[in-house]
1. Considering each of Leu142, Leu150, Leu113, Leu166 in turn, give the residue that is surrounded by 15 or more Cβ atoms within 10 Å (Cβ to Cβ), part of a helix (DSSP H, G or I) and without any contact (Cβ under 8 Å) to a residue 60 or more places away in the chain.
2. Return the only residue of Ile77, Ile90 being at pLDDT below 95, of a type in the set (Val, Ile, Thr) and closer than 15 Å to Pro144 by Cα.
3. From Ile90, Ile68, which residue is touching a Leu at 6+ places or on another chain (Cβ under 8 Å), of a type in the set (A, V, I, L, M, F, W, C) and either within 30 Å of Asp177 (Cβ to Cβ) or surrounded by 12 or more Cβ atoms within 10 Å (Cβ to Cβ) (or both)?
4. Can you name every residue in the range 169-183 that is assigned to a helix (DSSP H, G or I) and either touching a helix residue (DSSP H, G or I) at 6+ places or on another chain (Cβ under 7 Å) or surrounded by 16 or more Cβ atoms within 10 Å (Cβ to Cβ) (or both)?
5. Could you tell me whether the range 95-110 includes any residue that is at pLDDT 95 or above, more than 15 Å from Asp48 (Cα to Cα) and in contact with a Phe, Trp or Tyr (Cβ under 6 Å, 6 or more places away or on another chain)?
6. Since Val159 meets every condition but one in (1) in a helix (DSSP H, G or I); (2) closer than 29 Å to Glu34 by Cα, which condition does it not meet?
7. Can you list residue pairs whose Cβ atoms sit under 7 Å apart, with the first residue in the range 177-196 being assigned by TED's automatic domain parsing to the domain that holds His164 and within 11 Å of Ala157 (Cα to Cα) and the second being of a type in the set (D, E, K, R) and surrounded by 21 or more Cβ atoms within 10 Å (Cβ to Cβ)? Count only pairs 6 or more apart in sequence or on different chains.
Amino acid sequence: MLFGYRRIWRCHVAGIVALLLLAGCQTQPPLPPEQDQLAIDHMLQRVDERLEVAPLVAQSKWNSGAAIEAPEREAQILESVAEEAVAAGIDEAFAREFFQQQFEASKQIQRRLHLQWTQEGRPPFDSPPDLGEEVRPVLDRLTPQLIESLSEMQRIAEVEGAGHYLRQRAEVLVSDDFDGEPRSVALQPLMDRMTR
């Protein structure tokens, strides 16, 4: 009789485990279509490329003594970006928030590097990149590419599994040497928009 109870108990336990495994599979969202995966990957690669520029900006400003904050330039870029975004059919508030967060992520990296270099007593760099000739052209090239990607993100925001895929791929495609904070700041508008 005891053997029979044990067998029934094992069957119940096995059934519960199977149900839990099935439930886990069901809560895992499906992958978005391949073209949407590629669009998300492209966006993340462009965000990563923009963040990679921040240390170059930091070096240039370290040598020149220029302030990390550049509110007038940011405001000009933001106005231009908003116009381009609206022309591309992107929600203006979404575009402004996204680019504002790119600025903030970049400044976070610059501030941390300047703090580190101050603590180290670092002298000026021997050959820092020229902000006007070398760095800003890269940012100017990336801006329209990011606007194009932003249009794609707006399109696929409601696609099932897109938000989950974005979160997973962000840790692979967007590098971050500062505990993930600048990356989180840069991607927050996308995370907020792509909830599924």
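1. Values: Leu142 fails: without any contact (Cβ under 8 Å) to a residue 60 or more places away in the chain; Leu150 fails: without any contact (Cβ under 8 Å) to a residue 60 or more places away in the chain; Leu166 fails: without any contact (Cβ under 8 Å) to a residue 60 or more places away in the chain.
Only one candidate passes the filter, namely Leu113.
2. Numbers: Ile90 fails: at pLDDT below 95.
Just one listed residue meets the conditions, Ile77.
3. Values: Ile68 fails: touching a Leu at 6+ places or on another chain (Cβ under 8 Å).
The match here is Ile90.
4. Filtering the range 169-183 down to residues assigned to a helix (DSSP H, G or I) leaves 169-173, 181-183.
Selection gives Arg169, Ala170, Leu173, Glu181, Pro182, Arg183.
5. no
6. (1)
7. none
One line per residue, one yes/no per condition, for (1) small (Gly, Ala, Ser); (2) more than 22 Å from Val174 (Cβ to Cβ); (3) assigned by TED's automatic domain parsing to the domain that holds Leu187:
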| residue | (1), (2), (3) |
| --- | --- |
| Ile40 | no, no, yes |
| Val57 | no, no, yes |
| Asn63 | no, yes, yes |
| Ala67 | yes, yes, yes |
| Arg73 | no, yes, yes |
| Gln76 | no, yes, yes |
| Glu79 | no, yes, yes |
| Glu83 | no, yes, yes |
| Ile90 | no, no, yes |
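The values are calculated or read from the model by the stated rules, or taken from the named source; none is laboratory data. Only a predicted model underlies this, so the values are computations on that prediction, with no experimental measurement involved. Here the Cβ is made from the backbone with ideal geometry for all residues, glycine too, and neighbour counts use every protein chain on show.
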